[in-house]
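Values quoted throughout were computed directly from the atomic coordinates according to the rules given, and no laboratory measurement underlies them. Remember, predicted model here, so these are calculated numbers, not experimental data.
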Amino acid sequence: MSKKRMLAIIVLSATLAATGARADVTHTSLDATNRSVAAQGDADEAVIRRLLEQFRTIKIPLSQAAAIAEHLHDGSKTADVSFEISGPAIYRVRTVGNERLWENVIDANTGRVTEKEVSSSLKELDRENLGKIIALKSVEQELSDAVRIAEQAAAGSAFAGGLVKQDDKLNFVVVIASGDRLKEVTLEPTKVARRGSAHH
């Protein structure tokens, strides 16, 4: 979920030594110094409130929706997942495996697949998305690991998450619903050791 620059950022850093991943928790609130975007900020705050109200009523957590999508294709991994309420509350989950990318819509209350699956070859992806998918294979952690860590770090429930490239660095970004706020948790995953370079 993209955030407007009008939102003020307070960063709380925590080191997660057990996983080798570094987490940054970002709290969002209206930037009082930016008066020219106050009206847009109010609209964004209203959208966030509405999303959070719906999110609190659902029965299926994000991690379960990702697992449901992964079970549709043996050996697939979740690339990204997001909560949406354009109609009924759903999760949109993209999984990857066997040189293919699948997008499934999972009902956030029943866990059922509600729309026809969209499937594409990795060769059909644009350069940016293909880069993210290739990068997913180069890290030790999976999105499910990042979600679990982020939920603990931000004391809430995962709302959306995925692998993103920021300033030439690869990170998992997980948005957490905590109380009446959304918190963005950035985790820097450890890369898979190359053959011959691992120490035992």
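Observations, loosely collected:
- With the biggest extent put first, the Cα atoms of the range 34-160 measure 47, 35, 31 Å across the principal axes.
- Extension gain (nm, one decimal) between T190 and S138, 0.36 nm per residue minus Cα-Cα: 17.8 nm
- Taking all Cα-Cα distances within the range 94-155, those exceeding 17 Å account for 56%.
- Global form of the range 91-200, assessed from the alpha-carbon gyration tensor, a/c cut-off 1.5: oblate
- Whole-number D in µm² s⁻¹ for the range 65-104, Kirkwood Cα-pair radius fed into Stokes-Einstein, 4 °C, 1.567 mPa s: 126
- Potential extension, V164-E124 segment - 0.36 nm per residue separation minus Cα distance: 12.5 nm
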